[in-house]
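The values are calculated or read from the model by the stated rules, or taken from the named source; none is laboratory data. Keep in mind that what you see is a predicted model, and the values were worked out from it rather than measured. Ideal geometry is used to build each Cβ from the backbone, glycine not excepted, and the neighbour counts take in all protein chains shown.
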């Protein structure tokens, strides 16, 4: 009876664990936000409760890409004017969006302590979600590193440009050597075909294999698709506007795959999103 009760508690707790995925890449213009939003919507279309955190704190564009009206944002959460739940806006298929600010330099100059405060704010979240997808800023700032290492999975988006590979390598190197991150998932975006995507991944994995102790996994190759531009102009996700298009099909497959990625059963030893839930899960598992 005691064993059954412990097993029941463990299953209940596991069902409440939230999957957290960071979408990053180093270089701007590689399609991070598009992949973030379309993956989130594709997951929502599969019945999941999904939230997107616009972690480009000074140059918000998640809400703009969907044509959403935002009255309050993460700066109001940081100032204590309102809670995280109170700034959320609802997007297509019920996805929740935590919007950042636009054109506010102060938000790009937050201290690591303030970054930690935002991450901890998610532990007070009342909205029930299954997945949190974090759309990071471009570059290798403390902000990008903080939100990336606080996530369970890091998706690095690359395209076939030398600067994209160089910046992706720099980001992976920093996260690996300075913050102890060893596993990265790679998305080859805007490629002509599967072969080009694999070649792009091979270029990145060869250089990381020579100089870093990391494991890379190619999780998606998303083809260049003119329908992406059309959907952006319409402020609509391509998985809604053109669901049968090559890019939409590839992103939907990525979303399905990502939902199967295992959620850690215990904390990783550093500040993470929903850390209390992982700690609680570990405690129940030890009973």
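Remarks
- Selected residue (only one of 57, 37, 53 is in contact (Cβ under 8 Å) with a residue 12 or more places away in the chain, in contact with a helix residue (DSSP H, G or I) (Cβ under 8 Å, 6 or more places away or on another chain) and assigned to a helix (DSSP H, G or I)): 37
- Flag for residue 177 being part of a helix (DSSP H, G or I) and either out of contact with any helix residue (DSSP H, G or I) (no Cβ under 8 Å at 6 or more places or on another chain) or surrounded by fewer than 20 Cβ atoms within 10 Å (Cβ to Cβ) (or both): yes
- Within region 121-145, being assigned to a helix (DSSP H, G or I), under 15 Å from the mean Cα position of the chain (by Cα) and within 25 Å of residue 262 (Cβ to Cβ) holds for 122, 144, 145.
- Enumeration of residues in region 247-279 that are modelled with pLDDT under 90, surrounded by 15 or more Cβ atoms within 10 Å (Cβ to Cβ), in a helix (DSSP H, G or I) and touching a helix residue (DSSP H, G or I) at 6+ places or on another chain (Cβ under 9 Å): 275, 277
- Summed over region 81-120, residues that are touching a residue at least 40 places away in the same chain (Cβ under 8 Å), in a strand (DSSP E or B) and closer than 20 Å to residue 20 by Cα total 3.
- Residue match in region 146-161 (condition: assigned to a helix (DSSP H, G or I) and exposed (fewer than 13 other Cβ atoms within 10 Å of the Cβ)): no
- Search result, residues across region 224-246 that are free of Cβ contacts under 8 Å to residues at least 40 places away in the same chain and either under 20 Å from the mean Cα position of the chain (by Cα) or assigned to a loop (DSSP other than H, G, I, E, B) (or both): 224, 225, 234, 242, 243, 244, 245
- The single condition from (1) at pLDDT below 95; (2) part of a helix (DSSP H, G or I); (3) over 19 Å from the mean Cα position of the chain (by Cα) that residue 64 fails is (3).
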